[in-house]
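Only one structure is covered here, and it is reproduced in the block below.
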Amino acid sequence: TLSENKQLLLVINGTTGSGKDTLIHLLEKNGIAENVQTATNRPKRPREPATNYRLMRQKKDSESAQEYYHNLVQEYDLIEHDLHAGNVYGLPRKNLKMSSAENPILIQNEPHGAKTLLNTLSFEYNVVVFFLVPDSWKTILNRVKREGHQRDKLIERLNYSHEQLSLSQDTTHFYVHSTTHPEQYGNPQKLNGINFLYESMAATIVKLI
């Protein structure tokens, strides 16, 4: 049950290639919700917008891997954090506090992070978790291939998506079909896949407000 006195905090999870970044961009661009920038220490990907993540500092020679991970959590005051594919991802408390109190808040993370947010922020926000799922594993593979990854990286990304989907059962309120075939839902406006996903999410968010 949502409280009328709490701001809506929307957590967006999903498999690799499910369209999370594009969806969040559209929701923010059209004033549906405000994206809270999360942080990572991985290098910026080619063609990735600079605003996708706050880029955390790289490891110092004097730090062990464990010390580096611990120091990042402390230095950036990460409310929740996760380590995968050798990279740290997390939500800086400062970034959350900088958000407006007027619109719903958007946060992209992983099921572990979503669980932490549910446990730590539900007293202050209405936390609602979405998980985006593409049509098939083949669709995920094709989308990852377009990013130009080598075979080992492709397998790693697929395994990671499978793990995230399994973990999502403990945290997800709404599973959302990120389809490349929106015609199966009637789709009278003949929207493409990502715009159909955006319209579906926008309509759901408006109902939650």
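The values are calculated or read from the model by the stated rules, or taken from the named source; none is laboratory data. These figures come from a predicted structure and were not determined experimentally. Positions of Cβ are generated from backbone atoms using ideal geometry, with glycine treated the same way; all protein chains shown enter the neighbour counts. Please note that ligands, DNA and RNA were not included when accessible areas were found on the heavy atoms of the full protein model with its side chains. Shrake-Rupley method; radii C 1.70, N 1.55, O 1.52, S 1.80 Å.
What do you reckon, is Glu199 assigned to a helix (DSSP H, G or I) and either aromatic (Phe, Trp, Tyr) or surrounded by 14 or more Cβ atoms within 10 Å (Cβ to Cβ) (or both)? Steps first, please.
Numbers: assigned to a helix (DSSP H, G or I): yes; either aromatic (Phe, Trp, Tyr) or surrounded by 14 or more Cβ atoms within 10 Å (Cβ to Cβ) (or both): yes.
So Glu199 fits the description; yes.
From the list Lys153, Lys115, pick out the single residue that is out of contact with any Ser or Thr (no Cβ under 7 Å at 6 or more places or on another chain), part of a helix (DSSP H, G or I), open to solvent by 20 Å² or more (accessible area, probe 1.4 Å) and not polar (S, T, N, Q). Give the derivation first.
On the way: Lys115 fails: out of contact with any Ser or Thr (no Cβ under 7 Å at 6 or more places or on another chain).
After applying the criteria, what remains is Lys153.
Say we look at the range 58-80 and pick out the residues that are outside any helix (DSSP H, G or I), without any contact (Cβ under 8 Å) to a residue 24 or more places away in the chain and hydroxyl-bearing (Ser, Thr, Tyr); which of these is nearest to Leu158 (Cα to Cα)? Can you show your working first?
To start, the set of residues in the range 58-80 that are outside any helix (DSSP H, G or I) comprises 58-64, 76-80.
With without any contact (Cβ under 8 Å) to a residue 24 or more places away in the chain added as a condition, the list becomes 58-64, 77.
When the remaining residues are screened for being hydroxyl-bearing (Ser, Thr, Tyr), the result is 62, 64.
On the way: Ser62: 34, Ser64: 29 Å.
Among them, the one singled out is Ser64.
Give me the pairs, please: first residue somewhere in the range 121-146 and at pLDDT below 90 and among the hydrophobic types (A, V, I, L, M, F, W, C), second residue anywhere and open to solvent by less than 20 Å² (accessible area, probe 1.4 Å) and in a strand (DSSP E or B), beta-carbon distance under 8 Å, and either six or more positions apart or on two chains.
Between residues of the range 121-146 that are at pLDDT below 90 and among the hydrophobic types (A, V, I, L, M, F, W, C) and residues that are open to solvent by less than 20 Å² (accessible area, probe 1.4 Å) and in a strand (DSSP E or B), the close pairs are Ile140/Pro134.
Specify which of the listed residues (Leu9, Leu55, Leu83, Leu2) is in contact (Cβ under 8 Å) with a residue 12 or more places away in the chain and buried (at least 18 other Cβ atoms within 10 Å of the Cβ).
On the way: Leu55 fails: buried (at least 18 other Cβ atoms within 10 Å of the Cβ); Leu83 fails: buried (at least 18 other Cβ atoms within 10 Å of the Cβ); Leu2 fails: buried (at least 18 other Cβ atoms within 10 Å of the Cβ).
None of the other options fit; the residue is Leu9.
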